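The values are calculated or read from the model by the stated rules, or taken from the named source; none is laboratory data. If you're wondering where the values come from, they're calculated on a predicted model, not measured in any experiment. Virtual Cβ from ideal backbone geometry, glycine too; neighbours counted across all protein chains shown. SASA here: full protein model, heavy atoms, side chains in, ligands and nucleic acids out. Shrake-Rupley method; radii C 1.70, N 1.55, O 1.52, S 1.80 Å.
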Amino acid sequence: MILVTGGTGLVGSHLLFQLLQSNASVRAIYRTEKTLSKVKQVFSYYTDTAEIMFNKIEWIKADINDIPQLQSAFKDITHVYHCAAFVSFEPSDYKLLRKINIKGTANIVNLCISFNVEKLCYVSSIATIGHHANPELLINEKTEWNADYDNSIYAITKYGAELEVWRATQEGLNAVIVNPGIILGPGYWHSKGSSSLFHRIHKGLPYYTLGITGFIDVIDVVKSMLLLMNSNTKNENFIVVSENLSYKSFFTKTANALDVNPPKKEAKSWLINIVWRLDWLKSMVLRQPRRLTKLTAKSILSVKKYDNTKFKTLFDFQFIPMDTTIKNIGKMYLRDLKS
Ligand SMILES: NC(=O)c1ccc[n+]([C@@H]2O[C@H](COP(=O)([O-])OP(=O)(O)OC[C@H]3O[C@@H](n4cnc5c(N)ncnc54)[C@H](OP(=O)(O)O)[C@@H]3O)[C@@H](O)[C@H]2O)c1
């Protein structure tokens, strides 16, 4: 039996759908009842029998920081897909990020070892991979993480989680790690995650930046996880990115898909540097969460291009082009808006 963590999230729900399509027996953990409806919503984008498919999942209430709950979830499990994580760039969330991403992953890998799980797939991020001083050089799996760099707190905790996975492989666990770029998929339009980009662009973004990063369709993330888990590959990590796009290009493609005006003005570094400081001041005075931190500002300005050759070559894989992904998700967003 297969165990999925983070099944109520963007990646996990799409993974559950694919696993059920192949008639696998699947158990998934959840924390609160209300998040389960999101899974049905995701299924309904792809099938008319969403409810029937949803009912095939064995749901167990468990937090990845609660070992007794997790122990019941691990009974009879042979394969684990660990997609659960906390995504935040808010400095005040650092302790919680460490608890969920590092300690939670340590709990998962420790239980994989004690329950003799055959293989684990961990969803990490390109945030855990280093970069070159020359932005034109492609970043690959061998580009080392630099602890002295201004890494985001999210990146630090995802890197810490990877260390837990590698530690477990030393103790005998078979594991693979995927490092996706920004994941685009439907259904979580009002979340804090990457799907909310469609909502924000639809509302109208005045500015773009010329920063560049890697993007991937959620369907390809899931396919890559399944291919790796069903292969003999173990104890390796893989960058999974379809294309490197500038934020200008991504915003423009998405605005066109949503039939709204694309942002016209470039947000230069001096402007972004003023905005994040003002945002910090506002958050101190009004005691509200930050919308733009120093490190997110840095990341939207930086040029980082990722090399997907390792994964593409191993499986002779063709990633979905971003134009196709953005058009498809744009249609789903507009359909949801009308309904
Ligand atoms: N989205 C991206 O652009 C992106 C890019 C690269 C890597 N990733 C990685 O991909 C993975 C999946 O991301 P996503 O976009 O699917 O995130 P998401 O939509 O925010 O889903 C996160 C999932 O983790 C669960 N979770 C959080 N804390 C938990 C805890 N303490 N115990 C149990 N479950 C917990 C959430 O459950 P609730 O529903 O109960 O909150 C939810 O199911 C994460 O590891 C993320 O770091 C994401």
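Computed extension length for Ile113-Ile60: 17.1 nm, one decimal, from 0.36 nm per residue of separation with the Cα-Cα distance subtracted. The residues neighbouring Ala106, those whose beta-carbon lies less than 15 Å from its own, together hold a net charge of 0 under the Lys/Arg +1, Asp/Glu -1 convention. Direction-averaged projected area, Cα convex hull, segment 204-295: 8.7 nm², rounded to one decimal. Among the listed pairs Lys99/Lys203; Lys34/Lys203; Lys75/Lys103; Lys75/Lys312; Lys56/Lys119; Lys253/Lys338, those with a Cα-Cα distance over 28 Å are Lys99/Lys203; Lys75/Lys312. Summing Lys and Arg as +1 and Asp and Glu as -1 over all other residues whose Cβ lies under 12 Å from the Cβ of Thr233 gives a net charge of +2. Taking max minus min of the alpha-carbon positions on each principal axis, segment 144-254 gives extents of 51, 35, 24 Å, largest first. When the residues Arg277, Arg167, Arg290 are ordered by accessible surface, computed with a 1.4 Å probe over the protein chains alone, the sequence from largest down reads Arg277, Arg167, Arg290.
With Rg and the Kirkwood Rh both taken from Cα atoms, where does Rg over Rh land for segment 283-339? Ratio value, two decimals: 1.18. A crude spin-label estimate for the pair Gln21 and Arg277, with each label 7 Å from Cα along the Cβ direction, gives 5.0 nm. Figure note: Arg335, Arg291 ranked by solvent-accessible area, largest first, 1.4 Å probe, ligands and nucleic acids not counted: Arg291, Arg335. Using the Cα coordinates of the chain, the gyration tensor eigenvalues translate into equivalent-ellipsoid semi-axes of 31, 24, 21 Å, sorted from longest to shortest.
For the chain, take the longest principal axis of its alpha carbons; what is the angle in degrees between that and the long axis of helix 153-170, to the nearest 10 within 0 to 90? Result, in degrees: 30.
Cβ-Cβ distance of Asp336 and Lys264, R₀ of 25 Å, FRET efficiency by 1/(1 + (r/R0)^6): the value works out to about 0.40. Computed over the Cα atoms of segment 1-149, the ratio of the radius of gyration to the Kirkwood radius (Rg/Rh) comes to 1.02. Taking all protein chains into account, the per residue accessible area for the chain stands at 48 Å² (1.4 Å probe). Kindly express, to the nearest 10 degrees and within the range 0 to 90, the angle between helix 218-229's C-alpha long axis and the longest C-alpha principal axis of the chain. The angle comes out at about 40 degrees. Computed over the Cα atoms of segment 87-207, the ratio of the radius of gyration to the Kirkwood radius (Rg/Rh) comes to 1.02.
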